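Notes for the one structure printed next.
The values are calculated or read from the model by the stated rules, or taken from the named source; none is laboratory data. None of the values given here were measured: they were computed from a predicted structure. Note: ideal-geometry Cβ built from the backbone for every residue, glycine included; neighbour counts use all protein chains shown.
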Amino acid sequence: MHREFFFLLSHEMFNPFYCLFEYSAHDNYTLQINPHSGINPEHLNYFRFIGRVVGLAIFHRRFLDAFFIVSFYKMILTKKVAVADMESVDADFFRSLTWMLGRVHLQGCCEIWLIHYLSSTIRENDITGVLDLTFSTEDERFGEVVTVDLKDGGRDIIVTEDNKKEYVDLITEWRISRRIEEQFKAFKEGFNQLIPQDLVNVFDERELELLIGGIAEIDVDDWKKHTDYRGYTEQDDVVQWFWKRPDSGNLLVELGVTIRRSIEVAVPEVFIQHLLVFSPYLQCIRTWDGEKKSRLLQFTTGTSRIPVNGFKDLQGSDGPRRFTIEKAGDISQLPKSHTCFNRIDMPPYKTYESLVAKLTLAVEETVGFGQE
């Protein structure tokens with residue numbers, strides 16, 4: 001009864017028809033707060049109520065029928081939003097900001113020294129004489145265009161090559177958080193009445209998404225059916241390893257031989273070493289538990305939410321976009337994802353255990369790194 005109650009209630013609360021929430025720029029199933037929710041004079045009371053419901057669901061270990069953009073979870077955790085979070089709010093504006101910064105995505109690179117080296121040598125796009133901007137922005141509020149200063153006297157301060165990074169930080173903060181400050185403050189008031197801030201801060205934004213929305217039942221066959229490949233074919237080893245579990249019969253025979261030989265020579269270290277070698281073979285996507293599959297979906301698409309009609313309706317930042325496995329990167333690197341395109345760059349690993357080890361590390365240990 002509790003589970004159905006929270007499911008039905010959340011289905012109504014987060015319905016974009018009521019103008020409290022709207023779909024993100026990334027797809028039509030991930031939600032964000034509607035900055036124009038003020039069309040409803042009682043909207044702040046509703047947000048306060050919604051915050052209580054979300055907190056109550058967590059308290060009772062129930063899930064809601066709702067998934068939000070990453071920045072929403074970061075705001076709950078009082079984390080600072082970043083330029084990358086803009087993509088799900090306004091994909092075109094995100095591309096404009098990254099052009100201003102001349103940003104090159106380096107997250108797929110494992111070597112920290114190389115990241116620092118490249119960061120110091122990349123030349124940014126010079127905006128001098130190209131963009132005519134001030135530290136202000138325009139916001140349309142129910143037919144009226146209002147000028148909003150990003151800082152004191154911002155409409156009189158020109159954005160230059162020297163201060164453009166400050167501008168990008170301020171416009172990002174305004175578009176993602178300051179613009180909905182009243183609504184989110186009301187939501188947090190209700191939420192923290194049930195869940196103290198110090199308790200929720202033990203999670204990261206990806207874990208919080210699973211805590212609120214739950215772990216989806218992922219149909220691997222449906223996922224595979226609606227997947228494209230670039231540089232690979234379905235017959236390539238890497239693709240086979242990604243989707244399938246190897247022949248367990250042959251593996252068990254080989255493992256049995258290893259155990260027997262290890263016992264015969266009485267070298268336990270050898271036995272343990274071989275167990276470590278064989279252990280990755282006993283795990284792959286089809287045998288991963290629901291949480292790990294959801295984390296893989298988060299890593300590659302930006303959310304653990306599956307469209308109602310399955311993977312055939314998967315959306316990217318520019319409309320329908322099938323999941324894609326692309327041959328890219330060096331075998332020493334981790335897989336890298338492009339969430340706006342539902343794509344994972346998979347290096348041509350030479351062995352199955354290497355693929356599993358690298359993919360597991362990328363999915364479970366990299367929040368932000370490895371994603372674009």
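A few remarks follow.
- Test for residue 97: is it of a type outside the set (Gly, Ala, Ser) and either surrounded by fewer than 15 Cβ atoms within 10 Å (Cβ to Cβ) or at pLDDT below 85 (or both): no
- Selection from the range 336-348 of residues that are surrounded by fewer than 20 Cβ atoms within 10 Å (Cβ to Cβ) and either in a loop (DSSP other than H, G, I, E, B) or more than 21 Å from the chain's Cα centre (by Cα) (or both): 348
- Tally, over the range 134-150, of residues that are surrounded by 12 or more Cβ atoms within 10 Å (Cβ to Cβ) and either at pLDDT 90 or above or at positive phi (or both): 7
- Within the range 309-335, considering residues that are hydrophobic (A, V, I, L, M, F, W, C) and more than 19 Å from the chain's Cα centre (by Cα), the one surrounded by the fewest Cβ atoms within 10 Å (Cβ to Cβ): 331
- Per the listing 224, 188, the residue uniquely of a type outside the set (A, V, I, L, M), surrounded by 15 or more Cβ atoms within 10 Å (Cβ to Cβ) and under 22 Å from residue 315 (Cβ atoms) is 224.
- Residue count for the range 195-221, restricted to those that are assigned to a helix (DSSP H, G or I) and among the β-branched types (Val, Ile, Thr): 3
- Residue 224 being outside the structural domain of residue 302 (by TED's automatic domain parsing) and in a helix (DSSP H, G or I): no
- Pair list, Cβ < 7 Å and 6+ apart or interchain, from the range 224-243 residues that are closer than 21 Å to residue 287 by Cβ to residues that are among the hydroxyl-bearing types (Ser, Thr, Tyr) and in a helix (DSSP H, G or I): 241/352
- Residues in the range 200-213 that are touching a helix residue (DSSP H, G or I) at 6+ places or on another chain (Cβ under 9 Å) and farther than 16 Å from residue 302 by Cβ were compared, and the one that is surrounded by the most Cβ atoms within 10 Å (Cβ to Cβ) is 200.
- Hits in the range 216-235 (condition: closer than 22 Å to residue 292 by Cβ and touching a Lys or Arg at 6+ places or on another chain (Cβ under 6 Å)): 218, 220, 226
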